[in-house]
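To keep things clear, I will list the structure first and then write my remarks on it.
The values are calculated or read from the model by the stated rules, or taken from the named source; none is laboratory data. Predicted, not measured: the structure shown is a model, and the values here were computed from it. Note that each Cβ is placed from the backbone with ideal geometry, even for glycine, and that neighbours are counted across all protein chains shown. What goes into the accessible areas is simple: the full protein's heavy atoms, side chains included, and nothing from ligands, DNA or RNA. Shrake-Rupley method; radii C 1.70, N 1.55, O 1.52, S 1.80 Å.
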Amino acid sequence: MSADFAAALLATDGRCPPGLTCWNGSAPEKRFAVYRNNVVVGLVDALADSFPVTQTLVGEDFFRAMAREFVRRTPPRSPVLALYGEGFAEFVEGFPPAAGLPYLADVARLELLRVRSFHAADARPVTQQHLDRLLADQAALPQARFALHPALFVLTSAHAVVSLWAAHQSESAALQLAGLDTTQAEAALVCRHQLEVGIYRIGPGAAGFITALQQDANLSAAAEQALTTDADVDLTATLGLLLQAGAIVGITHPRRTHP
Amino acid sequence: MIPRDTPARRATAARPRSLPARAGIGLKPEHFRAILQTRPDLGFVEIHAENYMVAGGPFHHWLTRIRERYPLSIHGVGLSIGGEDPLDETHLDRLAALLDRYQPESFSEHLAWSSHGGNFYNDLLPVAYDKTTLARVCEHIDRIQERLGRRMLLENPATYVEFAASTLSEAEFISEVVRRCDCGLLLDVNNVHVSCTNHGRDARDFLASLPLAAVGQIHLAGFASEVDSLGAPLLIDSHGAPVAEVVWALYRHALDRIGPTPTLIERDNDIPALPVLLAEAHHADRILEGLLPVVAESAVS
């Protein structure tokens, strides 16, 4: 019985499952539509909450039509809706009406990472003093490994994904968008510091460096990776950004362990 | 290590673990800061369990601080107790961890289903009131109470359709569940009004046929009004409006029968500023105070 009911919730033909009755003999379709509306609108609203810039880029009507398609094809598999939207960027990428906005899927990817960062596990960042002690120990430095915050993510994009996102964080969005070259490749560092998720534009070398650290490479190997990607990468500045973003939550090296 | 002596811990140790017979409000992220800054006089706050089933971040930060200062009700919306699927044990584990972390005075869930075939539909969907469903609902509630190690409250639903397969009335079904599982009842007075209107029943007769002795909490909310295909009223449990006068009247009628009961003002859509919700909670508190026997009032003054 629930199978028919569930199938009709996501159907588009207005049918309702068999076996429904109404005390006054009214049409069950109209009453069943309340459930269908609750389900679809509720899930579309959940996506709209998680992907506000994606919505602004295409307009509310377009976004909701696109989100309805996604909801019908990919209903949530868990009652924990906070992270609903896995796979939405991939759906957007293959959604023909959105083909004119090649950067849209990456903006959606960035927004999903922002949500994941917001709800990720807590961890206490190391202090400047911890890092200073390590930097002073030149012999141990290359072998050191950093534990990065569970709320840290790196996204590399062939589009100006951070600029697009940032341009929608203020009232003067239209102005900032006017001069934007969306074909400029960008990378994003997403990290939560205390209660706020920060999104930072980083270069390709920094992205390679942080990704290598995240995969447990030591500093020497991560630096090599970064320099291969971008010979001009500024690793001191990248470490400074990680510290400022509260992204380093542990330092280990052969002789000492912090904290 | 000696546990920190927070107000919540003192409360846990000093009194029975139950909500006070006062008004509370649903806790919304929009109001986290305002509640901590203004410390309104509230009986309790209630959260939706699933919203806090995340690893860390601001939601836990704020809830931890608010929970230290207020009694807490945790209200699940995702166990799918009426579902044909087996209970989602992973979800039950998440719920047990949440209850363990926040030690709420009350836990409640719905007589409804929300998952089928592994998909989650994010709505409280209706069940047929027949013997098969009754057995399944009871089996699920038994398992939940066993896993959580506590008694739960089951909420009566707001429904828009009924099933030809039903052989019991809603009140008979609920009474039988409460009797077999020894669970409590979360009496949603708005749902009573909505369902009775939608199915042509008398709300006071319906209330009288519920197992009112088992009521551990009351929910009040607003509804939206539509009409069915014949033009008869079709009320939607929207949680997006103030409590209607007709529901306040039914609330007074219910309290006359069951006495002072913890009462939640539920608002999940079109959420107003905190003072608006507090005014509704204050209104419920005044009604609850009106129930106090005269002797208690003179003893206070």
Within a 10 angstrom radius of each residue's Cβ in A:111-123, how many Cβ atoms of other chains show up on average? Whole number is fine.
3
Explain nothing, just compute: Karplus ³J(HN,Hα) = 6.51 cos²θ - 1.76 cosθ + 1.60, θ = phi - 60°, for every residue of region A:151-165 in order, whole Hz, x for Gly and Pro.
8, 9, 9, 10, 10, 10, 9, 7, 10, 7, 5, 6, 4, 4, 5
Please go through region A:63-164 and write out the trypsin sites (Lys or Arg not before Pro) that DSSP classes as loop and that have at most 14 other C-beta atoms within 10 Å.
A:R77
Mind ranking B:208-215, A:243-250 by how tightly packed they are, going by the mean number of other C-beta atoms within 10 angstrom, highest first?
A:243-250, B:208-215
Selected from A:L180, A:L135, A:L239, residue furthest toward positive end of dipole (region A:122-259; charges at beta carbon):
A:L135
Long-range amide H partners of B:Y121, meaning residues 5 or more apart or on another chain whose placed amide H is closer than 5 Å, are B:S115, B:H116
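If the only charges are +1 at each Lys and Arg Cβ and -1 at each Asp and Glu Cβ, what is the size of the charge dipole of region B:118-245 around the Cα centre, to the nearest 20 debye?
Computed charge dipole of region B:118-245: roughly 480 debye.
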For chain B, with all protein chains present and a 1.4 Å probe, just round the carbon and sulfur fraction of the accessible area to a whole percent.
53 percent
Using Cα centres only, tell me the gap between region A:30-50 and region B:174-204 in whole Å.
25 Å
Tell me the net charge near A:C16. Cut-off is 11 Å between Cβ atoms, A:C16 excluded, with +1 for each Lys or Arg and -1 for each Asp or Glu.
+1
Positive-pole candidate from B:C138, B:M152, B:L125, dipole of chain B, charges at beta carbon
B:M152
Can you give me the Cα centroid spacing of region B:215-286 and region B:78-152 in angstrom?
24 Å
Which order do A:D13, A:D45, A:D232 take by accessible area at a 1.4 Å probe, largest first?
A:D232, A:D13, A:D45
Partner chain coverage, peptide A:157-167 - average Cβ within 10 angstrom
0
Under 15 Å from the Cβ of B:D123, count the other residues' Cβ atoms, weight Lys and Arg +1, Asp and Glu -1, and hand me the total.
-3
Using a 1.4 Å probe on protein heavy atoms only, how many Å² of accessible area do B and A hide from each other, summed over both chains and rounded to 100?
3900 Å²
When the charge dipole of region A:1-101 is computed with +1 at the Cβ of Lys and Arg and -1 at the Cβ of Asp and Glu, the Cα pointing farthest to the positive end, of A:V41, A:M66, A:G14, is that of A:G14
For a quick check: with amide H placed at 1.01 Å from N, whose amide H comes under 5 Å from A:H159's, ignoring anything fewer than 5 positions away on the same chain?
A:E186
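Summing +1 for each Lys or Arg and -1 for each Asp or Glu, what net charge is found among the other residues whose Cβ lies under 13 Å from the Cβ of A:L213? Before the final figure, lay out the partial values.
Numbers: positive: A:R145; negative: A:D216, A:E224.
Its environment carries a net charge of -1.
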Please give the per residue accessible area of region A:1-130, computed with a probe of 1.4 Å over protein heavy atoms only, in Å².
44 Å²
Shape call for region B:7-300 from the C-alpha gyration tensor, a ≥ b ≥ c root eigenvalues: rounded (a/c under 1.5), prolate (a/b greater than b/c) or oblate?
rounded
About the Cα centre, and with charges only on the beta carbon of Lys, Arg (+1) and Asp, Glu (-1), how big is the dipole of region B:169-301? Nearest 20 debye, please.
280 debye
Any idea what the dipole of the protein assembly as shown comes to, in debye rounded to 20, about its Cα centre with Lys/Arg Cβ at +1 and Asp/Glu Cβ at -1?
1500 debye
